[in-house]
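Asker: Before anything else, here's the structure in question.
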């Protein structure tokens, strides 16, 4: 399916980087020349409390903002979103559009038979990825879980390019640090930290790439196609 | 004595060139940037030649307040400090403005309510302070998400009140707002409102003016009232204060000054029209159905109009940019063909619909709604479905959140 707009809802827990993930996705789409908007939604900031973010990517100017009530893609960053109802919605997939995709960060299946059937009725594809394990394996820290989730949605939908993601990550994590360089005495300390930062950037990007490959392979195998483009041209 | 030497073309200590405000806003090249609304507030302030910013953190404006702190550290703001509460901040803003400074502050939701006493005081004292209001819920149960009800409390303070739709509006209006506020015949505070989160925390493309250009500095000698004069209106605290109503003069001052504040709001009309290109924007107002909205509700309305177009329903749009001065004549004209006027709002009471009903003939045409409140989102699908229901068209049932 090719759509003028791809609406992505990221349901996570505070501290997992769901907000950053949506911002990075939108920044990358913007770099690719698409229209995009991202925004978060959360209560008083608290680790492990529900936190959501939304990324809208399209081929025409986007006005819509706020919670994504009717998403095409839902990403679940943490099993507790499902198992403990840490979501702004019960069930977590309510509002998902027909032909959509649900991406869940979990090493084992979490959905009941009823949930699976309801998603099937809506022709919604279901993809599990062990995103936290992947982050630990590739980046050496579970803090890069959001990178697995970025790679997953990008791999399935191809809504942003890897090159743009690389640029967006540099912009988000690299640029400001460089800009703050001051006196000569501080230069040395900054250089050291910058070296670390560069390493973190490289590892994050590697995590995104690995998840992208896994997700892309799954989408090809299961013939899941959900793209952003001009449906009129595609037809 | 008033300054006779122009600052235009000279440089400030950061090497920015004081530029004619009209030229800077309308002719200078623009640089597209992908920023959050809070970052945009910082970038506007970088170019605003602001003398004093006083901060108190309250979500969702905390980020903007912190970012302007960084700007102060970089040397772009004359002075910056944190008050002990919102009430203190707004009082301190008054002091700084009485002293002849260009003053900026930010607030939101309960903070706005806490500081409320100061706003009519600012207006009465004719202090052209600019206050960013990143709206959020104010009532219990508390919410940090956007709810525009606090704007309704600001409408009768004597402040100018504008409601931005996007971060682009915000960037432009912060800078243009100072120009309108500081006109000698206006010289009133401006509450520049937006829906928190949907503007402050959203990343969007914003076209910025060059960072090496800034507004001309504020000239306090253009104030229509003397700076901190204890003997003249509006202050005159010391001898025979007005509050005593002890003689004819003090009584008459009250009677005339209240009218003068609102006359100044009226006189701001032509400057507001000039700077933000009209008090309203309109699209396709020859249609039978028209959405009238302000803030994020305009954006959601635009998406709803797209959805309706796909189903063959033509719908016009009125974007209300300025609430004070109120665009009564403009709204009457823009809605004269409409059979149905929908007013979607992010608050439970529908204050905008009430204002519109009080403005136009045949007010039964106004459908007050849809409404969301307490920080809920307004999906465009809900607006479209309410319009279709009113037109007697079939609408798919929407199984969204909470259903």
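Asker: When residues of segment B:327-349 are filtered for being part of a loop (DSSP other than H, G, I, E, B) and surrounded by 20 or more Cβ atoms within 10 Å (Cβ to Cβ), how many remain?
Answerer: 7
Asker: Kindly indicate whether any position in segment B:258-281 is assigned to a strand (DSSP E or B), over 23 Å from residue B:178 (Cα atoms) and in contact with a helix residue (DSSP H, G or I) (Cβ under 9 Å, 6 or more places away or on another chain).
Answerer: No: zero hits.
Asker: Counting only residues that are in a loop (DSSP other than H, G, I, E, B), under 17 Å from the mean Cα position of the chain (by Cα) and in contact (Cβ under 8 Å) with a residue 60 or more places away in the chain, how many does segment B:308-326 have?
Answerer: Count: 2.
Asker: Could you please find all residues in segment A:69-110 being away from chain B (no Cβ under 14 Å), surrounded by fewer than 19 Cβ atoms within 10 Å (Cβ to Cβ) and either touching a strand residue (DSSP E or B) at 6+ places or on another chain (Cβ under 9 Å) or within 27 Å of residue B:300 (Cβ to Cβ) (or both)?
Answerer: Correct list: A:79, A:80, A:99, A:107, A:108, A:109, A:110.
Asker: Check B:199, B:205, B:225 and return the single one that is more than 30 Å from residue B:369 (Cβ to Cβ), within 14 Å of another protein chain (Cβ to nearest Cβ) and outside any helix (DSSP H, G or I).
Answerer: B:205
Asker: Taking the options A:29, A:44, name whichever one is facing another protein chain (nearest Cβ under 10 Å), at pLDDT 95 or above and either crowded, with 24+ Cβ neighbours inside 10 Å or under 17 Å from residue B:144 (Cβ atoms) (or both).
Answerer: Exactly one residue qualifies, and that residue is A:29.
Asker: I've got another one for you. Being within 14 Å of another protein chain (Cβ to nearest Cβ) and either under 20 Å from residue B:210 (Cβ atoms) or in contact with a helix residue (DSSP H, G or I) (Cβ under 6 Å, 6 or more places away or on another chain) (or both) is the filter here; which residues of segment B:47-69 pass it?
Answerer: Across segment B:47-69, the qualifying residues are B:57, B:58, B:63, B:67.
Asker: Could you tell me how many of the residues in segment A:5-20 are in contact with a helix residue (DSSP H, G or I) (Cβ under 8 Å, 6 or more places away or on another chain) and either modelled with pLDDT of 95 or more or assigned to a strand (DSSP E or B) (or both)?
Answerer: Selection size over segment A:5-20: 6.
Asker: List the residue pairs whose Cβ atoms are under 6 Å apart, where the first residue sits in segment A:122-137 and is within 13 Å of residue A:216 (Cα to Cα), the second is at pLDDT 95 or above and buried (at least 21 other Cβ atoms within 10 Å of the Cβ), and the two are 6 or more positions apart or on different chains.
Answerer: A:127/A:103; A:128/A:104; A:129/A:152
Asker: Report, by residue number, each residue of segment A:38-64 that is in contact with a helix residue (DSSP H, G or I) (Cβ under 6 Å, 6 or more places away or on another chain) and more than 24 Å from residue A:131 (Cα to Cα).
Answerer: Answer for segment A:38-64, where residues must be in contact with a helix residue (DSSP H, G or I) (Cβ under 6 Å, 6 or more places away or on another chain) and more than 24 Å from residue A:131 (Cα to Cα): A:63, A:64.
Asker: Listed residues A:161, A:152; which is at pLDDT 95 or above, on the phi < 0 side of the Ramachandran plot and in contact with a strand residue (DSSP E or B) (Cβ under 7 Å, 6 or more places away or on another chain)?
Answerer: Step by step, each of A:161, A:152 is checked, and only A:152 is at pLDDT 95 or above, on the phi < 0 side of the Ramachandran plot and in contact with a strand residue (DSSP E or B) (Cβ under 7 Å, 6 or more places away or on another chain).
Yes/no per residue for (1) part of a strand (DSSP E or B); (2) free of Cβ contacts under 8 Å to residues at least 60 places away in the same chain; (3) crowded, with 19+ Cβ neighbours inside 10 Å; (4) in contact with a strand residue (DSSP E or B) (Cβ under 7 Å, 6 or more places away or on another chain):
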{"position": "B:14", "(1), (2), (3), (4)": "no, no, no, no"}
{"position": "B:42", "(1), (2), (3), (4)": "no, yes, yes, no"}
{"position": "B:53", "(1), (2), (3), (4)": "yes, yes, yes, yes"}
{"position": "B:60", "(1), (2), (3), (4)": "no, no, yes, yes"}
{"position": "B:65", "(1), (2), (3), (4)": "no, yes, yes, yes"}
{"position": "B:70", "(1), (2), (3), (4)": "no, yes, no, no"}
{"position": "B:77", "(1), (2), (3), (4)": "no, yes, yes, yes"}
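Asker: In addition: Could you identify the single residue in B:291, B:305 that is in a strand (DSSP E or B) and within 14 Å of chain A (Cβ to nearest Cβ)?
Answerer: B:291
Asker: Does residue B:356 satisfy the criteria of being part of a helix (DSSP H, G or I), within 14 Å of chain A (Cβ to nearest Cβ) and under 24 Å from residue B:151 (Cα atoms)?
Answerer: When the stated conditions are applied, residue B:356 does not pass them.
Asker: Given B:83, B:75, B:137, B:124, which one is more than 16 Å from the chain's Cα centre (by Cα) and under 21 Å from residue B:177 (Cα atoms)?
Answerer: B:124
Asker: Test residue A:24 against the criterion of being facing chain B (nearest Cβ under 9 Å) and crowded, with 19+ Cβ neighbours inside 10 Å, and give yes or no.
Answerer: So residue A:24 does not fit the description; no.
Asker: For segment B:245-288, name all the residues that are under 16 Å from the mean Cα position of the chain (by Cα) and either within 14 Å of chain A (Cβ to nearest Cβ) or over 25 Å from residue B:194 (Cβ atoms) (or both).
Answerer: Residue satisfying the conditions is B:281 alone.
Asker: List, please: which pairs have Cβ atoms under 8 Å, are six or more places apart or on different chains, and start with a residue in segment B:375-403 that is away from chain A (no Cβ under 11 Å) and surrounded by 18 or more Cβ atoms within 10 Å (Cβ to Cβ) and end with one that is assigned to a loop (DSSP other than H, G, I, E, B) and modelled with pLDDT under 85?
Answerer: B:384/B:395; B:385/B:395; B:385/B:396; B:385/B:398; B:388/B:394; B:388/B:395
Asker: Could I ask something else about it? Inside segment B:254-301, can you point out the residues that are surrounded by fewer than 24 Cβ atoms within 10 Å (Cβ to Cβ), without any contact (Cβ under 8 Å) to a residue 60 or more places away in the chain and within 30 Å of residue B:202 (Cα to Cα)?
Answerer: If the condition is that a residue be surrounded by fewer than 24 Cβ atoms within 10 Å (Cβ to Cβ), without any contact (Cβ under 8 Å) to a residue 60 or more places away in the chain and within 30 Å of residue B:202 (Cα to Cα), then B:273, B:274, B:277, B:278, B:279, B:280, B:281, B:282, B:283, B:284, B:285 are the ones that fit.
Asker: Moving on. Can you find even one residue in segment B:125-144 that is at positive phi and in contact (Cβ under 8 Å) with a residue 40 or more places away in the chain?
Answerer: yes
Asker: Another question about this same structure. I'd like to check something: does segment B:26-37 contain any residue that is in a helix (DSSP H, G or I), in the same structural domain as residue B:147 (by TED's automatic domain parsing) and either on the phi > 0 side of the Ramachandran plot or buried (at least 19 other Cβ atoms within 10 Å of the Cβ) (or both)?
Answerer: Checked against the condition, which is being in a helix (DSSP H, G or I), in the same structural domain as residue B:147 (by TED's automatic domain parsing) and either on the phi > 0 side of the Ramachandran plot or buried (at least 19 other Cβ atoms within 10 Å of the Cβ) (or both), segment B:26-37 yields at least one hit.
Asker: Taking the condition over 21 Å from residue B:43 (Cβ atoms), in the same structural domain as residue B:67 (by TED's automatic domain parsing) and assigned to a loop (DSSP other than H, G, I, E, B), does residue B:210 pass?
Answerer: When the stated conditions are applied, residue B:210 does not pass them.
The values are calculated or read from the model by the stated rules, or taken from the named source; none is laboratory data. From a predicted model like this one, the values you see are computed outputs, not experimental measurements. Cβ: placed from backbone, ideal geometry, glycine included. Neighbour counts: every protein chain shown.
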